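J.: Okay, handing you the structure first.
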């Protein structure tokens, strides 16, 4: 409700990214508050501009939670989500996003 009714880009009481404030370098999560606000208003293109990675990771997170909750119904998917390669891949994607967004201004 808070992010639906208040736009973080124009409201001062939302926390600012401490990493960006200290270094001037965007972290992987920078823009996620604005992204959430835009998604709640169904402005997907604006949400993608705020934080592309988080928009992509939301379905991945929902998939992971669902599969782990219903692991007996989806044993193959469950084994995939607990394999070290699954979390390693997500971590690599986050680090690559962090690098690319600062080099290319994404």
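J.: In the range 15-39, what residues are outside any helix (DSSP H, G or I), surrounded by fewer than 16 Cβ atoms within 10 Å (Cβ to Cβ) and out of contact with any helix residue (DSSP H, G or I) (no Cβ under 7 Å at 6 or more places or on another chain)? Spell out how you get there, then give the answer.
T.: So in the range 15-39, the residues outside any helix (DSSP H, G or I) come out as 15-17, 24-31.
With surrounded by fewer than 16 Cβ atoms within 10 Å (Cβ to Cβ) added as a condition, the list becomes 15-16, 24-25.
Answer for the range 15-39, where residues must be outside any helix (DSSP H, G or I), surrounded by fewer than 16 Cβ atoms within 10 Å (Cβ to Cβ) and out of contact with any helix residue (DSSP H, G or I) (no Cβ under 7 Å at 6 or more places or on another chain): 15, 16, 24.
This table checks each residue for (1) part of a helix (DSSP H, G or I); (2) modelled with pLDDT of 90 or more; (3) more than 27 Å from residue 24 (Cα to Cα).
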residue	(1), (2), (3)
62	yes, yes, yes
67	yes, yes, yes
71	no, yes, yes
78	yes, yes, yes
87	yes, yes, yes
90	yes, yes, no
93	yes, yes, no
96	yes, yes, no
99	yes, yes, no
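J.: Residue 85 passes all but one of (1) under 13 Å from the mean Cα position of the chain (by Cα); (2) exposed (fewer than 14 other Cβ atoms within 10 Å of the Cβ); which number fails?
T.: With (1) under 13 Å from the mean Cα position of the chain (by Cα); (2) exposed (fewer than 14 other Cβ atoms within 10 Å of the Cβ) applied to residue 85, the lone miss is (1).
J.: Just need a number here: residues in the range 40-54 that are surrounded by fewer than 19 Cβ atoms within 10 Å (Cβ to Cβ) and either within 15 Å of residue 3 (Cα to Cα) or in contact with a helix residue (DSSP H, G or I) (Cβ under 8 Å, 6 or more places away or on another chain) (or both).
T.: In the first step, residues of the range 40-54 are kept if they are surrounded by fewer than 19 Cβ atoms within 10 Å (Cβ to Cβ); the result is 40-46, 48-49, 52.
Still in the list and also either within 15 Å of residue 3 (Cα to Cα) or in contact with a helix residue (DSSP H, G or I) (Cβ under 8 Å, 6 or more places away or on another chain) (or both): 40-44, 46, 48, 52.
Matching residues across the range 40-54 total 8.
J.: Residues in the range 4-14 that are modelled with pLDDT under 85 and in contact with a helix residue (DSSP H, G or I) (Cβ under 8 Å, 6 or more places away or on another chain): how many?
T.: So the count comes out to 5.
The values are calculated or read from the model by the stated rules, or taken from the named source; none is laboratory data. Predicted model only: the values in this text are computed from it and were never measured. Quick reminder, even Gly has a Cβ in these numbers, built from the backbone with ideal geometry, and neighbours come from all protein chains shown.
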